[in-house]
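Visitor: Handing you this structure, nothing more for now.
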């Protein structure tokens, strides 16, 4: 029995279940593209592909609607791939496992990919409907929306003929949007000097998991926790109370996702380890109280780990933590024309320790002006 049994309209959910089985991260849409082409051939529909990987499936008008204007339905094939750190999932081969809880569809341990899998499924349901009364339809499926818009940006002007286009990639059912926010990515990098830690010191690994996360375009204003911000607060607090050295600080993954997890390794005098654990536990309880029901699944844990070969020099450690502390995150301005519309926002998406002693900080900005 399907996990979606009973959900309506059933054709959409049937196709979405198929789509969940197909790995389709950005720039790796080969399998979903083949699925779309096979669907078209099976249903005797015209299909074509362009050099960048976009697919167009066309459906001729039903009887009596031949004079209506052609309408283009558009969605993107790729999805954002996020997973819980402890969940074993290989995005190149493993399917998304959907679950239904209290009327909401989500996925076990990973993002669901409803952005824009539900758009794909809607198009397929329309194309397969033998009783549909409509003019000519062109269903456009673009690639690589989540990591660069390369599919849309490289469309040839004559790839489709319709001049009325409906993009099936918004968040609210039954609402038609005209217009779109613009977006950009801002990346900061910094170098640090690696220093050998005192071999008599101890290393502690701090893990922050269980946050809600979410899409930085749709949920930036909802007050969910940002793992990079929370971990920065904790490291800042510890560095002001103890002589700690940071060896690793990795949090977040994708530019358009609010970061859900962060991990760090610090080195400190062995005699301070117990008090560092106590301060971390008190901090955890404080943050739980701050977020209340918004982040009930937040976890912060600390454990002893192997001593790393290097840590950051103190000057650049201070610069990193100060920069992340000061870096804004969330809604910057609200629209004065439309109620409850975030006009401008920024997402502190990730911080990564990379090769050659470089740290990369990724942020994204959106604005409707």
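Visitor: Share of antiparallel DSSP beta bridges in the chain, in percent to the nearest 5?
Guide: Just about 85 percent of them are antiparallel.
Visitor: Right, here's the next one. Could I have the simple spin-label model distance between residue 67 and residue 357, label points 7 Å from Cα toward Cβ, reported in nm to one decimal?
Guide: 7.6
Visitor: Could you line up 310, 363 from fewest to most neighbouring Cβ atoms inside 10 Å?
Guide: Going from least to most buried by this count: 310, 363.
Visitor: Calculate, in nm to one decimal, what residue 84 and residue 325 gain on full extension: separation in residues at 0.36 nm each, minus their alpha carbon distance.
Guide: 84.3 nm
Visitor: Quick check: from the Cα gyration tensor, does region 1-121 come out rounded (a/c under 1.5), prolate or oblate?
Guide: Since a/c reaches 1.5 but b/c is at least a/b, the shape of region 1-121 is classed as oblate.
Visitor: Among 337, 49, 66, which one shows the highest mean-square fluctuation when the chain is modelled as a Gaussian network with alpha-carbon springs under 10 Å?
Guide: 337
Visitor: With a point put 7 Å past each Cα toward its Cβ, work out how far residue 50 is from residue 156 in nm, to one decimal.
Guide: About 0.9 nm separates the two model spin labels.
Visitor: Just 346, 202, 111 to compare: in a GNM of the chain, with alpha carbon springs under 10 Å, which one fluctuates most?
Guide: Looking only at 346, 202, 111, the biggest GNM fluctuation is shown by 202.
Visitor: So, one more: Among (1) 17.1; (2) 21.6; (3) 18.5, which one is mean projected area of the Cα convex hull in nm² computed from these coordinates?
Guide: Here mean projected area of the Cα convex hull in nm² agrees with entry (2).
Visitor: While we're here: Using the alpha-carbon centroid of each, what span in Å lies between region 297-369 and region 108-165?
Guide: Centre-to-centre (Cα) distance: 33 Å.
Visitor: When the chain is modelled as a GNM with alpha-carbon springs shorter than 10 Å, which of 117, 274, 183 fluctuates the most?
Guide: 274
Visitor: Based on DSSP H runs of at least 4 residues, each adding -39500 (n - 2.57), what is the mean residue ellipticity at 222 nm of the chain after dividing by all its residues, to the nearest 500 deg cm²/dmol?
Guide: Per the formula, -7500 deg cm²/dmol.
Visitor: Label points 7 Å out from Cα along the Cβ direction at residue 94 and residue 334: separation in nm?
Guide: With each label placed 7 Å out from Cα toward Cβ, I get 4.0 nm.
Visitor: How do 20, 180 line up, fewest other C-beta atoms within 10 Å first?
Guide: Fewest-to-most Cβ neighbours within 10 Å comes out as 180, 20.
Visitor: For 126, 342, 351, what's the fewest-to-most ordering of other Cβ within 10 Å of each Cβ?
Guide: Fewest to most other Cβ atoms nearby, the residues stand as 126, 342, 351.
Visitor: Here's a follow-up. Given the Cα-Cα distance of residue 178 and residue 282 and 0.36 nm per residue of separation, how much length would full extension add, in nm?
Guide: Length gained between residue 178 and residue 282: 32.7 nm.
Read-outs: derived from the displayed coordinates by stated rules, not from any lab. What you are looking at is a predicted structure, and each value in this text was computed from that prediction instead of being measured. Methodologically, a virtual Cβ is constructed for each residue, glycine included, from the backbone with ideal geometry; neighbour enumeration extends over all protein chains shown.
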